[in-house]
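Chemist: Here it is, the structure in full.
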Amino acid sequence: MDVLVFDIGNTRIKAGLFSNGELQKVEVLTENQLFDFIEKHSSFKVAFSNVSRKQISDKFKGFFTLEEQVVLPFKMLYKTPNSLGEDRICNAAALSCFYPNRNKICIDIGTCVKFDFVDSLNRYHGGSISPGLRLRYESLYEKTENLPLIDNGSDINFLGLNTIDSIRSGVHFGLLKEIEGFISVYEQKFEDIFFVITGGDLKYFDLEQKNSIFADENFTLKGLYQIYKLNES
């Protein structure tokens with residue numbers, strides 16, 4: 001079975017092509033490229049995760065989406081499931097399908113940084129949401145008079161010797177220590193816990209040095225595919 005899955009996020013659209021149960025290809029698209037991409041792969045089934053809540057065109061009618069009646073591979077314990085982002089649902093699904101018998105966390109580092117916890121009985125509890133790198137840089141720029149708008153850059157020094165380097169140090173290492181702090185608390189609270197890190201800004205952080213942490217930049221796409229298989233079988 002050939003399936004196209006789309007993760008429509010706050011800042012980008014990520015497409016995954018699955019064939020015979022395996023992820024064969026991943027592409028990042030603009031909104032204008034989306035329709036042409038679907039037409040180019042007209043023989044594929046199509047599934048969407050739309051965290052940005054953008055209006056879906058009539059061209060998308062009939063495709064698989066994460067509606068309320070969708071069957072999930074985990075038990076939902078979240079108290080406000082209607083407010084739960086579709087990317088978080090996909091991440092929880094991937095955790096449940098790939099690591100079913102242990103406590104597990106997905107850390108999604110993107111526009112926001114999201115921790116999502118599924119226990120060893122495949123019950124989804126929830127987690128946390130905080131601003132990601134881009135939001136932190138934008139906040140400093142928008143809420144101050146003199147600080148410039150910059151991005152993360154490739155070379156970040158802990159000791160900032162000028163304003164730009166000082167901002168990068170504060171934002172980058174501040175978020176890094178936040179993530180490491182959350183990991184430490186989860187490790188203290190839950191036995192045999194496993195972490196998966198994903199998201200568009202995963203590349204800025206080296207967090208795989210511990211045996212209990214695994215990086216997979218396509219984890220959300222894989223979770224959406226698992227939900228699709230469960231509902232379309």
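The values are calculated or read from the model by the stated rules, or taken from the named source; none is laboratory data. Computed from a predicted model, the values in this text were never measured in an experiment. Quick reminder, even Gly has a Cβ in these numbers, built from the backbone with ideal geometry, and neighbours come from all protein chains shown.
Chemist: Which pairs do you get when a residue that is on the phi < 0 side of the Ramachandran plot and small (Gly, Ala, Ser), found in the stretch 27-43, comes within reach of a residue that is surrounded by 11 or more Cβ atoms within 10 Å (Cβ to Cβ) and not in a helix (DSSP H, G or I), reach meaning Cβ atoms under 9 angstrom, with the pair 6+ apart or on two chains?
Modeler: If the second residue must be surrounded by 11 or more Cβ atoms within 10 Å (Cβ to Cβ) and not in a helix (DSSP H, G or I), the pairs left are Ser43/Asp2.
Chemist: Right, here's the next one. For the stretch 170-207, which positions are assigned to a helix (DSSP H, G or I), farther than 17 Å from Leu135 by Cβ and within 16 Å of the chain's Cα centre (by Cα)?
Modeler: Lys203
Chemist: Could I ask something else about it? Does Gly181 fit the bill of being among the small types (Gly, Ala, Ser) and closer than 25 Å to Ala15 by Cα?
Modeler: Criteria not met by Gly181.
Chemist: Here's another thing I want to ask about it. Name the residue that is surrounded by the most Cβ atoms within 10 Å (Cβ to Cβ), counting only residues in the stretch 30-41 that are more than 17 Å from Tyr225 (Cβ to Cβ) and not charged (D, E, K, R).
Modeler: Going through the qualifying residues, I end up with Leu34.
Chemist: A further question follows. Any residue at all in the stretch 159-174 that's buried (at least 16 other Cβ atoms within 10 Å of the Cβ), modelled with pLDDT under 95 and of a type in the set (A, V, I, L, M)?
Modeler: No: zero hits.
Chemist: Take Lys59 and tell me if it is at pLDDT below 90, more than 25 Å from Gly181 (Cβ to Cβ) and in a helix (DSSP H, G or I).
Modeler: Values: at pLDDT below 90: yes; more than 25 Å from Gly181 (Cβ to Cβ): yes; in a helix (DSSP H, G or I): yes.
Spelling it out, Lys59 is indeed at pLDDT below 90, more than 25 Å from Gly181 (Cβ to Cβ) and in a helix (DSSP H, G or I).
Chemist: List pairs: first in the stretch 108-124 and within 19 Å of Leu72 (Cα to Cα), second at pLDDT below 95 and assigned to a strand (DSSP E or B), Cβ under 8 Å, 6+ apart or cross-chain?
Modeler: Nothing qualifies.
Chemist: Any idea which residue in the stretch 197-220 is surrounded by the most Cβ atoms within 10 Å (Cβ to Cβ), counting only those that are in contact with a Leu (Cβ under 7 Å, 6 or more places away or on another chain) and among the aliphatic types (A, V, I, L, M)?
Modeler: Once the filter is applied, the top-ranked residue is Ile197.
Chemist: Is there a residue in the stretch 164-177 that is in contact (Cβ under 8 Å) with a residue 40 or more places away in the chain and touching a Ser or Thr at 6+ places or on another chain (Cβ under 6 Å)?
Modeler: So far as the stretch 164-177 goes, no, none of its residues is in contact (Cβ under 8 Å) with a residue 40 or more places away in the chain and touching a Ser or Thr at 6+ places or on another chain (Cβ under 6 Å).
Chemist: Also: I'd like to verify a number: residues in the stretch 135-166 that are farther than 18 Å from Lys177 by Cβ and outside any loop (DSSP other than H, G, I, E, B), how many?
Modeler: Matching residues across the stretch 135-166 total 5.
Chemist: Could I ask something else about it? Pairs needed: first member in the stretch 75-95, of a type in the set (D, E, K, R); second member anywhere, at pLDDT below 95; C-beta distance under 7 Å; at least 6 residues apart or different chains.
Modeler: Matching pairs, first to second residue: Glu86/Ser49; Glu86/Asn50; Glu86/Val51; Glu86/Leu66; Asp87/Asp7; Asp87/Gly9; Asp87/Ser49; Asp87/Val51.
Chemist: Here's another thing I want to ask about it. Can Tyr225 be described as farther than 27 Å from Asn152 by Cβ, touching a Phe, Trp or Tyr at 6+ places or on another chain (Cβ under 8 Å) and assigned to a helix (DSSP H, G or I)?
Modeler: yes
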